[in-house]
Amino acid sequence: MAVILLLGLAIVSCAGQERQPLALEITSPPNKAEVTAALVTVSGIVSSPLATVMVNGREVETAEDGTFSTSVELEYGENTITVNAAVGGQEPVTKTVTITRILVLEITSPQDKVEVTESPIAVTGTVSDPSARVTVNGREVETAKDGTFSTSVELNYVKNGITVIAVLEGQEPVTKTVTVTRILVLEITSPQYRVEVIEGQVTVSGVVSPPSARVMVNGREVETAKDGSFSITIELQYGENTIKVSATAPVTKTVTITRILTLKITSPQDKVEVTESPIAVTGTVSDPSAGVTVNGREVETAEDGTFSTTVELEYGENTITVNATVDGQGLVTKTVTITRILALEITSPQDKAEVTASPIAVTGTVSDPSARVTVNGREVGTAEDGTFSTTVELKYGENTITVNAIVDGQEPVTKTVTVRYVPPG
């Protein structure tokens, strides 16, 4: 367009050529623009720099290239800007644009549909005209020279509407709203859900936001620290215990804790073989107040939960049953199986020995001194410590010495050694 207008200027300046119509163009602002400023720059171009240009009735200077620029004050709402251009002997040319000045309002914080835990909350924003009257939820707030404003708003739990209104005299108000939901956050950090414990007490700890919330644990109020943390000790019954933590709003969290009675037999080990009787039975129970029985016989429990007793064993397999119980709770049972065996040993002579003398001394031990011991079918006496000794006549060459031991109702135990007799000479 500027090229066309300049071309028109060149044509007009050429001597002897026909005059061209006067051309006028508003280059800024665009028609139907919306602005917030009180002043707008109006610029354009006219085909003859000799033309007189008027903007809203006020003459403006035109440059040699036909361009012009000036400022126009705007009212809020619709403004018509009229530009006239006239040159001697030509029809005047008129151009108009319509500009709307608007009031712009923005809430910069908080964001819409945000969730928060604290109250009050800071509300900040900007208005395009610092002279505008701004209210937040009906309460007037001060606006800075740059159009910014800030205030605080108390929140209720659940949804809160924050409405900001900006207004100028004689103008329609501008309204912006955000919705903020205040929530109460409650967390049980310990104990874990559905954990099993053996102690009679458990520490319940957690965190609540905001820290000003009133926290109850199983109906008992607990103190909350500045960071929102809390902790309390709760007594447990045997079996399932429900711990209910609530905070004002209300928000409730629950965990289920099961207190169990544990029982362990520390000695003897299961499926072990032994020769002695009686045998020591030891163990531990998690609650020293529990009643403990070993094969139906009550035993005393120490303060640390340990217990010890002795049990007579029969030869063969023996089951040792330990029960533990506390008032109103089910029985906890542990069992081990112990086998009592008869042990027999020939200590002399060594197997496959060569001897030159006869008779030969045969010695050995048996684990039960009450056992009946025979050597090559001949019964021998047994000492209180289970040792025995006798002599056996040997024949020339290889001799087998057989020792049997037996107790009532049990299979005999047999040991043998082979001795080679070689007389001297």
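Coordinate-derived values only; no laboratory data. Remember, it's a predicted structure, so these values are computed and weren't measured experimentally. Reconstructed Cβ throughout: ideal geometry from the backbone, glycine too, with neighbour counts over all protein chains shown.
Helical content alone sets the calculated 222 nm signal of the chain at -1000 deg cm²/dmol, taking -39,500 (n - 2.57) per DSSP H segment of four or more residues and averaging over every residue.
For the stretch 26-71 and the stretch 284-343, write down the distance between their C-alpha centroids in whole Å. Going from one Cα centre to the other spans 108 Å. Look at I341, I162 and count the other Cβ atoms within 10 Å of each Cβ; fewest to most, that gives I341, I162. Sites listed here are trypsin sites (Lys or Arg not before Pro) in the stretch 275-368 whose DSSP assignment is loop and whose Cβ has at most 15 other Cβ atoms within 10 Å: K352. Projecting the Cα atoms of Y193, A122, T333 onto the dipole axis of the chain, where Lys and Arg carry +1 and Asp and Glu carry -1 at the beta carbon, places A122 farthest toward the positive end. Remark: for residue pairs K95/K176; K176/K253; K159/K226; K244/K334, the C-alpha separation exceeds 29 Å in K95/K176; K176/K253; K244/K334. For S131, neighbours were defined as the other residues whose beta-carbon sits under 15 Å from its Cβ, and their charges (Lys and Arg +1, Asp and Glu -1) total -4.
One Cα centroid belongs to the stretch 211-226, the other to the stretch 154-181; the line between them spans 34 Å.
The GluC sites (Glu not before Pro) of the stretch 352-422 that DSSP puts in a loop, and whose beta carbon has at most 16 other beta carbons within 10 Å, are E384, E393. Against the set (i) 37; (ii) 32; (iii) 71, the structure's computed percent of Cα pairs over 34 Å apart falls on (iii).
Fewest to most neighbouring Cβ within 10 Å: what's the order for V274, V285? Taking fewest neighbouring Cβ atoms as first place, the list is V274, V285.
Rounded, prolate or oblate: which one fits the stretch 247-348, using the alpha carbon gyration tensor with axes a ≥ b ≥ c (rounded when a/c is under 1.5, else prolate when a/b beats b/c, else oblate)? Taking the square roots of the gyration eigenvalues as a ≥ b ≥ c, the stretch 247-348 is prolate.
Axis angle, to the nearest 10 degrees, between helix 2-13 and the longest C-alpha principal axis of the chain: 20 degrees.
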